[in-house]
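Peer 1: This is the structure I want to talk about, given as structure tokens.
The values are calculated or read from the model by the stated rules, or taken from the named source; none is laboratory data. Just so you know, these numbers come straight off a predicted model, no measurement behind them. Cβ: placed from backbone, ideal geometry, glycine included. Neighbour counts: every protein chain shown. Note: areas computed on protein heavy atoms with side chains; ligands, DNA, RNA excluded. Shrake-Rupley method; radii C 1.70, N 1.55, O 1.52, S 1.80 Å.
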Amino acid sequence: MSKFVEALAQAERERALRQSSEASSLPAPAAVTEREPAPEPPPVAALSDGSAAFDEHLVSLLKPRSFEAEQYRALRHLVEHLHRTAELSVVAVSSPVANDGKTTTAINLAGALAQDPDARVLLVDADLRRGALAKHLGLGESSGPGFVDAILDGTLTLEAVVQPCPPFNLSVVPAGGLPSAPYEVLKAPRVGELFAAARREYDFIVLDTSPLVSVPDCRVIEKWVDGFLVVVAAHKTPRKLLEEALNLTEPAKVIGLVFNGDERPLSGYAYGSGFGQLTNGHSQTRKLLRDVRHRLRVRGKRRRS
């Protein structure tokens with residue numbers, strides 16, 4: 001029996017040697033053992049907090065506990081106060097000219113308002129010339145029908161163009177397909193119907209609009225707006241353009257000025273934007289800023305909004 005076992009063992013050793021020899025004579029397979037699997041791309045749109053595709057400046061959404069987000073709550077306080085005392089619901093955020101930070105301010109204001117779980121907040125891209133909300137919020141270029149589509153197609157309801165913005169308590173209406181004649185589109189009676197529907201469904205409607213001085217669009221929709229926040233780029237927006245913007249807007253509807261990009265420190269903090277004082281002789285501006293400081297009780301201190 002022992003010879004039989006030894007013969008089996010010898011045969012097994014010889015078979016193993018043959019297999020090893022055959023394997024060594026063949027080209028190595030595409031290196032399963034030496035090549036590491038390729039890393040998977042990060043799931044940008046699938047992140048649970050929905051933040052990866054968002055613009056990093058949207059602190060009210062991405063960093064709600066940050067100092068910067070706290071300053072946008074100053075704007076929220078103003079809007080909530082006027083909502084209670086003056087029935088303000090539709091707030092337009094604009095600026096004298098482009099690139100002053102109005103879109104970022106509009107989104108952060110809406111995000112601050114939406115931090116109240118009981119608030120119904122709608123953010124609308126009413127800039128039919130350079131609508132950018134979809135890009136800032138990571139909705140993509142083909143984000144479906146939007147504000148323009150609902151104006152031009154009477155069969156589209158407001159609900160049909162509203163998009164949720166999970167995981168945030170915020171609803172968004174993107175601009176949609178930008179028209180060749182924005183002014184004519186905004187003059188349509190359908191615009192008033194959509195704003196009326198929004199008032200019935202939401203507590204706060206925040207509009208990102210076209211600039212005040214560059215184009216006349218804000219003057220067309222002013223009749224449907226309860227209040228304007230005018231964004232001013234610190235150390236950049238010319239004083240005369242701000243004065244012109246204020247002259248083009250009904251004074252009673254201008255509820256505040258927002259300084260964007262003011263980096264001067266105060267009490268050990270660096271402020272990126274805020275309410276401040278303009279050193280010019282425009283009486284309407286001075287009166288407006290006194291009213292803003294009174295409402296927010298900042299007593300002349302710069303606060304970032």
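Peer 1: Residues L207, L257, L212: which one is within 22 Å of the chain's Cα centre (by Cα), at pLDDT 50 or above, in a loop (DSSP other than H, G, I, E, B) and within 21 Å of G101 (Cα to Cα)?
Peer 2: Result: L212 is the single residue among L207, L257, L212 that is within 22 Å of the chain's Cα centre (by Cα), at pLDDT 50 or above, in a loop (DSSP other than H, G, I, E, B) and within 21 Å of G101 (Cα to Cα).
Peer 1: Considering only residues that are open to solvent by less than 10 Å² (accessible area, probe 1.4 Å), assigned to a loop (DSSP other than H, G, I, E, B) and among the hydrophobic types (A, V, I, L, M, F, W, C), which ones fall in the range 172-195?
Peer 2: A175
Peer 1: Could I ask something else about it? Hey, among A160, A86, which residue is in contact with a strand residue (DSSP E or B) (Cβ under 9 Å, 6 or more places away or on another chain) and either modelled with pLDDT under 85 or open to solvent by 10 Å² or more (accessible area, probe 1.4 Å) (or both)? Outline the logic, then answer.
Peer 2: Numbers: A160 fails: in contact with a strand residue (DSSP E or B) (Cβ under 9 Å, 6 or more places away or on another chain).
Just one listed residue meets the conditions, A86.
Peer 1: Sticking with this one: Can you pull out every residue in the range 117-131 that is open to solvent by 20 Å² or more (accessible area, probe 1.4 Å) and either hydrophobic (A, V, I, L, M, F, W, C) or touching a residue at least 12 places away in the same chain (Cβ under 8 Å) (or both)?
Peer 2: P117, R120, R129, R130, G131, listed by residue number.
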